[in-house]
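Novice: Below you will find the structure I want to go over with you.
The values are calculated or read from the model by the stated rules, or taken from the named source; none is laboratory data. Keep in mind that this is a model prediction, so the values were computed, not measured. Neighbour counts run over all protein chains shown; Cβ positions are idealised from the backbone, glycine included.
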Amino acid sequence: MSIFGKQRVGEDPGKDPENARGGTYPGEYPENERSEKNGKGIPVVETIGGLREQLAVQRKSGKSIGLVPTMGALHAGHRSLIEKSAAENDITVVSIFVNPIQFGPNEDLDKYPKSFDADVSLCTEAGAGIIFHPTPSEMYPDGFSLYVDSDAMTDVMCGRSRPGHFRGVMTVVSKLFHIAAPDKAYFGEKDAQQLAIIQKMTRDLDFPVQIVGCPIVREADGLALSSRNTYLSDEERTAALCLYRALSLGKLLAASGERNPAEIVKAVTNAIGAEKLAHIDYVELLDAGRLCAISEQTSSVLLAVAAYFGSTRLIDNLTFEWCDRK
Ligand code: AMP
């Protein structure tokens, strides 16, 4: 449990949690910060300076820091990342920031689901110590003009259909790494391309942070949890089950000896295509580590899909061994 959590309040009766709203922990919350103490006892920090100051104190006393970047509307998938971080670090920072620069002009930035109070509760229960909840202008003040981008891995899968998306992701994650300076940062395998790109960015730009990938959390019927699932009608939600079914079929084909990637992609495409409400964006089977065509060096593969159900775009994937199939 982080020292920022409920225990801290309980440990020191002189610090009234109600009074803490607005940053009233002497010596910890600078007066000019909009740090908040919400009813659940976990601080919400809205400024970069505020987060830096709080974490500097912790770092000085030898505490390890885990970072879980999110866009909010949290669910059990996010929760699994937070719990892993809380188990492996002294303090877990959850960032909740709907990053405008990773959305394209016709995407769902304006209607992206928000459930901040519930998010705070989930973070608290999962063992987070602090929430970083900056405004867009805090992260991108007037005159902001410098971005992080990659020549590799961005021209496949979501990179093809969402131009500029990963530039936005890499830029915000770089900023979060600089701001929080975490020892470890946690990302879901649900966003497999994002995870691979962040791993590469971390290596190429020498960020002193360990990237931890976390397994996909699914509903009992196989649907991968996603904040965007809330957009789905009942019919669309039922239709969306075709994604996991099709991925599983692809994996089964590979396991039963199919070695032609195009045949697996075709079978998965047909399986999703059989669902009337699904409109495929892509089906790709790639080298899992490098996100390029499968070659002799490939040891595991990523089978990834994206499809629209109505106006909701969902992604899903499975990773499995490739070279062992003789
Ligand atoms: P988001 O809020 O959608 O940007 O996601 C924040 C983090 O949670 C990312 O690293 C995602 O990959 C991860 N995540 C989202 N959904 C899931 C899921 N169903 N299982 C595991 N991780 C997930």
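Novice: Within segment 170-185, count every residue that is touching an Asp or Glu at 6+ places or on another chain (Cβ under 9 Å) and either surrounded by 23 or more Cβ atoms within 10 Å (Cβ to Cβ) or hydrophobic (A, V, I, L, M, F, W, C) (or both).
Specialist: Counting residues in segment 170-185 that are touching an Asp or Glu at 6+ places or on another chain (Cβ under 9 Å) and either surrounded by 23 or more Cβ atoms within 10 Å (Cβ to Cβ) or hydrophobic (A, V, I, L, M, F, W, C) (or both) gives 1.
Novice: So for segment 152-169 (the condition being buried (at least 16 other Cβ atoms within 10 Å of the Cβ) and within 26 Å of Asn89 (Cα to Cα)), does at least one residue qualify?
Specialist: Looking for residues that are buried (at least 16 other Cβ atoms within 10 Å of the Cβ) and within 26 Å of Asn89 (Cα to Cα), one finds at least one in segment 152-169, hence yes.
Novice: Can you tell me which residues in segment 101-146 are at positive phi and touching a Gly at 6+ places or on another chain (Cβ under 9 Å)?
Specialist: Our first condition is that a residue be at positive phi; within segment 101-146, this holds for 127, 143.
Within segment 101-146, just Gly127 meets the criteria.
Novice: Now for a different question. If I filter segment 150-187 down to residues being hydroxyl-bearing (Ser, Thr, Tyr) and either over 27 Å from Glu284 (Cα atoms) or assigned to a helix (DSSP H, G or I) (or both), which single residue comes out as modelled with the lowest pLDDT? Lay out the reasoning, then the answer.
Specialist: Within segment 150-187, the subset hydroxyl-bearing (Ser, Thr, Tyr) is 150, 154, 161, 171, 174, 186.
Now restrict to residues that are either over 27 Å from Glu284 (Cα atoms) or assigned to a helix (DSSP H, G or I) (or both): 161, 171, 174.
Numbers: Ser161: 95, Thr171: 98, Ser174: 98.
Within segment 150-187, the match that is modelled with the lowest pLDDT is Ser161.
The rows are residues; the columns are (1) at pLDDT below 95; (2) within 12 Å of the ligand (Cβ to nearest atom); (3) in the same structural domain as Asp287 (by TED's automatic domain parsing).
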| position | (1), (2), (3) |
| --- | --- |
| Glu189 | no, yes, no |
| Gln193 | no, yes, no |
| Ala196 | no, yes, no |
| Lys200 | no, no, no |
| Arg203 | no, no, no |
| Pro208 | no, no, no |
| Ala220 | no, no, no |
| Leu232 | no, no, yes |
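Novice: Using the structure shown, decide if Lys84 is within 16 Å of the ligand (Cβ to nearest atom) and more than 11 Å from the chain's Cα centre (by Cα). Let's see the steps before the verdict.
Specialist: On the way: within 16 Å of the ligand (Cβ to nearest atom): yes; more than 11 Å from the chain's Cα centre (by Cα): yes.
Yes.
Novice: Same structure again: So for segment 67-76 (the condition being at positive phi, within 16 Å of the ligand (Cβ to nearest atom) and either of a type in the set (Phe, Trp, Tyr) or not in a helix (DSSP H, G or I) (or both)), does at least one residue qualify?
Specialist: Our first condition is that a residue be at positive phi; within segment 67-76, this holds for 72-73.
Remaining after also requiring within 16 Å of the ligand (Cβ to nearest atom): 72-73.
This time we only want the ones that are either of a type in the set (Phe, Trp, Tyr) or not in a helix (DSSP H, G or I) (or both), so: 72-73.
Scanning segment 67-76 turns up at least one residue that is at positive phi, within 16 Å of the ligand (Cβ to nearest atom) and either of a type in the set (Phe, Trp, Tyr) or not in a helix (DSSP H, G or I) (or both).
Novice: Which one is nearest to Val169 (Cα to Cα), of the residues in segment 48-66 that are assigned to a helix (DSSP H, G or I) and basic (Lys, Arg)? First the steps, then the outcome.
Specialist: Keep residues of segment 48-66 that are assigned to a helix (DSSP H, G or I), which gives 48-60.
Subset that is basic (Lys, Arg): 52, 59-60.
Numbers: Arg52: 21, Arg59: 26, Lys60: 29 Å.
This residue is Arg52.
Novice: With respect to Arg160, is the statement that it is closer than 23 Å to Asp204 by Cβ and within 18 Å of the chain's Cα centre (by Cα) true?
Specialist: Values: closer than 23 Å to Asp204 by Cβ: yes; within 18 Å of the chain's Cα centre (by Cα): no.
It is false that Arg160 is closer than 23 Å to Asp204 by Cβ and within 18 Å of the chain's Cα centre (by Cα).
Rundown of residues vs (1) modelled with pLDDT of 95 or more; (2) surrounded by fewer than 19 Cβ atoms within 10 Å (Cβ to Cβ); (3) not hydroxyl-bearing (Ser, Thr, Tyr), yes/no style:
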{"site": "Gln7", "(1), (2), (3)": "no, yes, yes"}
{"site": "Asp16", "(1), (2), (3)": "no, yes, yes"}
{"site": "Asn32", "(1), (2), (3)": "no, yes, yes"}
{"site": "Arg52", "(1), (2), (3)": "yes, yes, yes"}
{"site": "His78", "(1), (2), (3)": "yes, no, yes"}
{"site": "Glu88", "(1), (2), (3)": "yes, yes, yes"}
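Novice: Cβ-Cβ below 6 Å, separation at least six or inter-chain, first residue in segment 63-91 and over 18 Å from Leu195 (Cα atoms), second among the polar types (S, T, N, Q) and part of a helix (DSSP H, G or I): which pairs?
Specialist: Ala73/Ser227; Ile91/Gln58
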